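The values are calculated or read from the model by the stated rules, or taken from the named source; none is laboratory data. Treat the numbers as computed from the prediction; the structure is a model and nothing was measured. Here Cβ is always computed from backbone atoms with ideal geometry, including for glycine, and neighbour counts include all displayed protein chains.
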Amino acid sequence: MKKNVKPINYCGNCDSHNAYDYPTRMFCSTRYDQNKDPIVDTLWCCSDWNPVSQECHCVREALKEKERRLKQR
Amino acid sequence: MRRRDYLQNPVKHMKISGKLTVNQLIQQFKNSGSFGAGRLAAACDIYEKMVRDKDCTVFLALSGAVIPAGMRTLIADLIRARLVDVIVSTGASMVHDAIEALGGHHYKGNSVVDDRELYKYHIFRIYDIFVPEENFVRLDFKLAEMYGEIAAEKKGESLSSNEFALELGKRLKDPNSILRAAYEEEVPIFMPAVRDSEFGFIHWLHSSQQKQKTVLQVDAFKDVPLICGICGNSPKNGMIVIGGGVPRNTIQSAALASKKGLDYGVVITMDRPETGGLSGSTLEETVSWGKMKGEADHVMVIGDALIIFPMLVASVTERLGNDFKRVPYFSGSKIGA
């Protein structure tokens with residue numbers, strides 16, 4: 001039986017995200033409206049998080065990038 | 001007509017040998033005088049006449065995706081050489097200009113591609129050109145700031161679409177930008193359907209920001225007396241159309257409303273007339289409305305504007321020579337006067 005996989009609360013899985021510096025940084029339109037800094041990390045998340053309606057590769061690629069950077073250290 | 005009147009000009013066969021300049025090739029096309037080659041050669045003759053005619057104001061209608069496809073610098077150079085006097089454009093063409101002015105790029109891609117995959121990578125496709133989403137997002141962010149600045153400066157007063165283009169051009173520093181070149185050379189850019197582009201969505205972003213005290217107002221109705229004034233004050237008017245649609249109709253309607261009628265017309269399109277849509281309608285149809293004079297020099301070139309228009313410009317600038325300096329009848333500083 002398939003398990004229900006709950007999406008991880010990352011900005012890159014949120015419905016307000018747009019690519020700003022793919023894949024690591026996002027532009028958040030909700031934060032922009034609220035006069036907050038709209039440029040956020042893909043792997044960050046806030047209390048306004050809403051699941052995205054359609055999957056994209058942002059989180060997957062951002063995790064890969066994070067891993068790559070960790071290896072470089 | 002008598003029988004012999006139909007048989008005056010024999011087709012001269014093209015001779016392609018050795019090195020050939022673009023204009024020499026166009027002359028070979030003219031010798032043939034047939035099909036697309038003959039039409040392109042006629043278009044070159046008409047555009048040359050337009051720019052040599054001291055009384056003519058040259059309008060350029062821009063639609064379709066020729067700016068992301070590589071014609072941005074060509075148009076900016078035409079503005080700087082004052083080989084066009086007024087531009088009427090879709091909002092989208094100027095959006096793509098602004099994207100590059102802010103450091104973004106359009107990429108050579110492929111029309112046969114997995115579009116679902118592109119979607120997942122936040123890449124948009126314009127036939128065989130790829131545009132990363134961040135180009136638009138960075139544009140949104142930067143231009144929303146500019147909208148705020150412009151709104152604050154104008155204190156709630158509305159702008160015509162060409163004033164809006166001027167304000168953007170003032171703030172973009174890239175010399176290859178169409179908006180920047182138009183600002184520096186005082187060439188008006190009208191965008192009658194400005195809302196139907198990213199400019200409209202940036203307005204939504206700008207106006208929804210909670211700190212925004214004054215919201216930018218752009219009123220395309222304000223364009224009407226301005227563009228009609230340009231046509232009306234100019235002894236002659238000519239248009240070159242890339243595509244058609246709203247930009248073509250805006251120029252033609254201004255020519256009609258100002259009771260002038262166009263004196264020259266070149267349309268480059270791949271659309272067909274049978275649907276009744278303006279992008280494919282013949283210039284003879286334009287005559288029936290009074291938008292173009294019956295005796296106007298005109299031709300419609302059926303083909304890809306990305307091939308036709310650069311050839312047209314290359315041929316005509318070659319004919320004009322390096323020393324040619326056009327003194328345009330219309331000056332942008334007189335707009336609205």
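Only one of the numbered conditions (1) at positive phi; (2) in contact (Cβ under 8 Å) with a residue 40 or more places away in the chain is violated by residue B:240, and that is (1).
So that you can scan it fast, the table gives a plain yes or no per residue for (1) in contact (Cβ under 8 Å) with a residue 24 or more places away in the chain; (2) over 16 Å from the mean Cα position of the chain (by Cα):
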residue	(1), (2)
B:148	yes, yes
B:154	yes, yes
B:162	yes, no
B:170	no, yes
B:174	yes, yes
B:180	yes, no
B:183	no, no
B:190	yes, no
B:200	yes, yes
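Residues of region B:80-126 that are surrounded by fewer than 16 Cβ atoms within 10 Å (Cβ to Cβ) and of a type in the set (Ser, Thr, Tyr): B:107, B:111.
Which of the residues spanning region A:27-52 are at the interface with chain B (Cβ under 9 Å from one of its Cβ atoms) and not acidic (Asp, Glu)?
Looking only at region A:27-52, we keep the residues that are at the interface with chain B (Cβ under 9 Å from one of its Cβ atoms), and these are A:27, A:29, A:32-35, A:38-39.
Scanning region A:27-52 gives A:27, A:29, A:32, A:34, A:35, A:38, A:39.
Here is the figure for region A:18-73: residues that are without any contact (Cβ under 8 Å) to a residue 24 or more places away in the chain, over 19 Å from residue B:119 (Cβ atoms) and of a type in the set (S, T, N, Q) total 5.
Does residue B:247 satisfy the condition of being modelled with pLDDT of 95 or more, in a helix (DSSP H, G or I), of a type outside the set (Val, Ile, Thr) and more than 16 Å from the chain's Cα centre (by Cα)?
Working: modelled with pLDDT of 95 or more: yes; in a helix (DSSP H, G or I): yes; of a type outside the set (Val, Ile, Thr): yes; more than 16 Å from the chain's Cα centre (by Cα): no.
The answer is no for residue B:247.
Taking the criterion of being surrounded by 12 or more Cβ atoms within 10 Å (Cβ to Cβ), part of a loop (DSSP other than H, G, I, E, B) and either more than 7 Å from every other protein chain (Cβ to nearest Cβ) or hydrophobic (A, V, I, L, M, F, W, C) (or both), would at least one residue in region A:53-68 satisfy it? Steps first, answer last, please.
Kept after step one, since they are surrounded by 12 or more Cβ atoms within 10 Å (Cβ to Cβ), are these residues of region A:53-68: A:55-66.
After this cut, where a residue has to be part of a loop (DSSP other than H, G, I, E, B) as well, the list is A:55-57.
Pick out the ones that are also either more than 7 Å from every other protein chain (Cβ to nearest Cβ) or hydrophobic (A, V, I, L, M, F, W, C) (or both) and you get A:56.
Taking every residue of region A:53-68 in turn, at least one turns out to be surrounded by 12 or more Cβ atoms within 10 Å (Cβ to Cβ), part of a loop (DSSP other than H, G, I, E, B) and either more than 7 Å from every other protein chain (Cβ to nearest Cβ) or hydrophobic (A, V, I, L, M, F, W, C) (or both).
A single entry from B:186, B:163, B:157 fulfils the requirement of being more than 16 Å from residue B:93 (Cα to Cα), crowded, with 20+ Cβ neighbours inside 10 Å and more than 13 Å from every other protein chain (Cβ to nearest Cβ): B:163.
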